[in-house]
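> Sending over a structure as structure tokens; questions will come in a sec.
Laboratory data are not the source of any read-out in this text; all were calculated from the coordinates shown. Bear in mind the structure is a predicted one, so any value in this text is a computation, not a measurement. All Cβ positions, even for glycine, are placed from backbone atoms using ideal geometry, and neighbour counts span all protein chains on display.
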Amino acid sequence: MTQESDLDSTVRMRIRSLRQARGWSLDSLAERAFLSPSTLSRIETGHRRISLDQLTSLARALGVSLDQLVETVTDDDVVIRPQRDDHRGVTTWLLNRGSGPGGITVARMRITEEVKGKGADQLGVHPGTDWFTVLSGTVTLILGERAIRVETGQAAEFSTMVPHAIKAHGGPAEILCILDHDGRRTHLHPPM
């Protein structure tokens, strides 16, 4: 199968599945999309080519965007691949695509860089609040002049207006963190 025929088959399956999920008959969707039931049947079964205006009408009737109806299917929409930052000693997996509700981002981070001295040269500040839980290992949360050890199974929440950094302690550590827009920009896309 070619990529084009794979996409064509996927679009047809989406139309039929969305129709069925809503409990609509062929007649019901056809009426909403201003198509004849026989045309819709042939579209769903692959016996008729789908025109752009038919796709637009079907997307509108099904309550989805045209982009959602025709988006390509790749492993990238399923598999979350790590992003390594060797300079900072952090590997990140973004667990939600784009921002979630309220601009929230969920990320898993593997931290290998340990605290050097007081770590004051690496502290950051941004508006908001950060939250994380330690999945494995131990981290040192540096908050201004304080160094707080957070171990596996423990969590931390803190104001990000206090200069802060999260470093590994005694070996690599993994955390699950929830970041707002400012936290995402600061922690996941730091200035070079």
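> Taking the beta-carbon count within 10 Å as an exposure proxy, list H87, H164 from fewest neighbours to most.
H87, H164
> Could you order peptides 47-58, 170-181 by the average number of other Cβ atoms within 10 Å of their residues, highest first?
170-181, 47-58
> For segment 3-76, calculate the relative contact order in percent as a whole number, restricting contacts to Cα pairs under 8 Å that are 6 or more residues apart.
For segment 3-76, the relative contact order is 35 percent.
> Amide H to amide H, which residues 5 or more places from Q154 or on other chains are under 5 Å from it, using H placed in the peptide plane?
Amide H to amide H, under 5 Å and 5 or more residues apart or across chains, Q154 pairs with V134.
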